[in-house]
Every structure is written in structure tokens, then in C-alpha cells.
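The values are calculated or read from the model by the stated rules, or taken from the named source; none is laboratory data. Keep in mind that what you see is a predicted model, and the values were worked out from it rather than measured. Cβ sites come from the backbone with ideal geometry, for glycine too, and all protein chains shown count toward neighbours. Ligands, DNA and RNA are excluded from the accessible area calculation, which covers all protein heavy atoms including side chains. Shrake-Rupley method; radii C 1.70, N 1.55, O 1.52, S 1.80 Å.
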Amino acid sequence: MILDYLRYAISNLTHRKLRSWLTVIGIFIGIAAVVSLISLGQGLQNAINQQFSTIGADRLIIQAGTSEFFGPPGTAGGTSMITEDDLKVIERVRGVDDAAGFLLKPTKVEFNNIIKFTFGFGVSGNPRDIEIIGSRLDISSGRFFKEGEKFKVVVAHDLTTNSNIFGKVITLGDKIKIEGKTFEVVGVRKKLGDPGSDTAVILPLETMRELFNTENELSLINAKVSEGFTPSLVAEDVKKSLRKSRNLKEGNEDFTVQTSEELISSFNTILVIVQAVLIGIAAISLIVGGIGIMNTMYTSVVERTKEIGIMKAVGAKNSDILLIFLIESGLLGMVGGAIGIAIGIGIGKLVEFIAAQALGTTLIQAFFPWYLILGALLFSFVVGSIAGLLPARQAASMQPVQALRYE
């Protein structure tokens, strides 16, 4: 019987093609927006999680309480620095296998008589330190500078492939100027998918300190937790040791200590909130689409009043009439949802392509899991059915005699 109702509902909708297509516009616009936003948000979340997975689950990240990029130390937007002294304190904490820090500064780079500003990473050439900082320092060609080398530099991937940056690409053995000093390119870092990191230069930590006239400043410290220790417990011990060395009371810390899981969780929470806000905005068009379906179904009830009376006269129950109109409204929602899903996939892939071509980043990706597609389709059916509930109840409550007399 349900199949009969379904065929009957499809027949009624196809007889009113223009009205049906106009009705589903609001639904497919809303579903397209929701699908594309969720897919891009999920893709970004997956890409960020993948980036953080290179840090390792056994890592602690120690940095100043407010990032220096929001203001220099000592200003309203800044904070006190993380230093080599803090690194030594961290290395002595029980449960810390080893620790390493790096310095990050906006840096002036000159090549081919063109000057650009990018990020400079100052790291030690000690292989142990490179291992602790993680795979973000992996080399795709050439080598990493050795401990004690001063004017050797590793350049990021895009500087060796994108001629638009300096007019021509940088190759191994080239000489470039960093903050007015000449460096030899000895290695190329692998592509990370982050435009900022993929145009950076990596130079010896002590050399970078000389360039920027800083004695023992660090931007961030990575600490590796010893096997058999719990990262969250070791993080608490690190906090206690740093508070003691800095003469700070608990709650007044001017630094942060996070496990890699906590850092990932913080980013994921922010992304979920942003996605929720965007989806809430997109859902407004779904409400508009639902109102459109409700209006169409009310009109259909009025137009088919005599038809309803005939069906009741030959034995149709109120539940039968109700189900027929609910199926019709649900089909309107589902058709709009299917079109919206297709458009949403297209929008997501287009944004991914534009980001890769224009921004050179692989962080912006569209991800379409099966549950997103199925969920969007079912949701659009539910929206259509709910929108058609009141008109369906009105049709079901008609008296057969009155319906047959309607002109």
C-alpha cells in the first residue's frame, strides 16, 4: 500500500512540475550550503589533525602564555619570553626524556634582487633536537645544516618550485641574503601544505639570535615524554617546575604547557563552534524552504478538496489521506536535498581547488563521508514531512460531504 501511495504522490508532483521545482529551491539551497560547509570544516579538521599527528602523542608543547605574534613581550598583547633557562628546567623534570626549542621570527629574505618577508625558523643542528621537534623538519632534498655551521640554510618547498616569489626558483647551492647576511642553501624541506611554513627559511639557532640580537630567547619548546610516563601528568610536573623557577603562583602562569592531544582538542573545539555558527546561518534557508513546502501543500489541499472527498467516500481513512500528503511533502524535501547534496559537493570541491591553486595550501579540503550524504538526504525528507504536517492534517480532517460539495 505504501508503494501505491508513493506512486500516487509522484504522479501528483509531476503534474505540477513548475510549482514543484520552485518549491524545492529553498531546500536545495539550504542543503547545498550545509553540505559544503560541513565537508570543508571536516576536511580542515582532518588536515589539522594530520599536521599535529606529526608532533607525536608523547610530546609536550611549552610556550609563552600569549603568543608573541599578537604583540611583543612587555606590551599589552605580549608576555614574558620562553628562554633557554626554561628549557634547562624542563629537561630536569622527571618523565621528560629530552626537550628542544626553536625561535620563530618574521624575516627579511633577498634573492634575485627581490626582497620578501617570510618566517624564519631558528633551530639547532643537533640531530637529537631535530628529531624532537618532529617531522616538520624533514628534508626532501639536500641535507640539514650541521651543528656548528653558521651560514647554511634550509628553505621550504615553495621557494624551490614557485618562481612567482622571487622571479625564479631557489636551488641547492644558491646564495640568499637573510637579514643582510649571505647564506648557502643546503637543503629543501618537504611540503607541509601550509603557505606560511612552505615559504619559510630554516637557519641555525645561534646564527638567528645574532641576526636578531637576542641572547637566549625561544618561541616554543617541544618536550618528549619518557616511555612509561603519562603525558598529562608530566605536563603538570613541568608546570610546577616552571612556576618555581619563575617565582609564580598557581593560576598566575605566564606560560602554557599542553600535551599534543590537548592542542588538537582545542583546535577541534574551535572548528566545531565555527561550523555550528555557519550551519546555523545556512539553516535559515532550510526554514524558508520548509515554509515554501507548507505553502505548496496548503494550495494542493485546496485544489484537491473534491478529490479528497471522493477518496473518503470510497473508504479512505483519515490516516490514509494524512500519509499521502506527508509522502508528497517529504518527496519535495528529498528531491531538494538530493539536488542540494550534488551542488554542495560541487561547491566544496571548487573551494578546495581554488585554495590549492590560489593559496597553495592543502589544509582546505572537502571531505564527504557517507553519513554526511545520507544524513543530509534524510534531514531534507524530515524537513519536508514536518512542513507538510499541518496541511496533511487539514486534508485528513475534511468531512466527505463538505469536500464533495466544494467548488
Once R0 is set to 56 Å, what does the formula 1/(1 + (r/R0)^6) return for the Cβ-Cβ distance between E236 and T182, expressed as a FRET efficiency to the nearest 0.05? 0.75
How many nm is it between the label spots at A313 and K150, if each spot is 7 Å from the Cα in line with the beta carbon? 10.5 nm
Per the Cauchy relation, a quarter of the hull surface: what is the mean projected area of the convex hull of the alpha carbons in the chain, in nm²? 27.7 nm²
In region 325-356, whose amide N lies under 12 Å from the spot 7 Å out along Cα-to-Cβ of S11? List them in ranges. none
Would you please name the trypsin sites (Lys or Arg not before Pro) within region 282-334 that are DSSP coil residues with at most 16 other C-beta atoms within 10 Å of their C-beta? K317
Quick check: the angle from helix 2-15's long axis to the longest principal axis of the chain, C-alpha only, nearest 10 degrees? 90 degrees
Neighbour cut-off at most 13 other Cβ (10 Å), DSSP loop, trypsin sites (Lys or Arg not before Pro), region 159-251: K168, K249
Give me D for region 260-407 in µm² s⁻¹, whole number, from Stokes-Einstein with Rh from the Kirkwood sum over alpha-carbon pairs, 10 °C and 1.306 mPa s. 87 µm²/s
Counting other Cβ atoms within 10 Å, keep those with at most 11, restrict to DSSP loop, and tell me which chymotrypsin sites (Phe, Trp or Tyr not before Pro) in region 141-213 are left. none
If R0 = 25 Å, then E110 and T214, at their Cβ-Cβ distance, give a FRET efficiency to the nearest 0.05 of 0.75
Using only DSSP helix segments of four residues or longer, with each worth -39500 (n - 2.57), what per-residue ellipticity at 222 nm results for the chain after dividing by its residue count and rounding to 500? -17500 deg cm²/dmol
Cα-Cα over 25 Å: which of K116/K191; K190/K239; K150/K190? K190/K239
Averaged per residue, what accessible area in Å² does region 118-206 show with a 1.4 Å probe, protein chains only? 41 Å²
At I270 and E84, where each label point lies 7 Å from the Cα along Cα→Cβ, what is the point-to-point distance in nanometres? 3.1 nm
Excluding ligands, DNA and RNA, the carbon-plus-sulfur percentage of the accessible area of the chain with a 1.4 Å probe reads 61 percent
Calculated FRET value between K191 and I287, using beta carbons and R₀ = 56 Å, to 0.05: 0.85
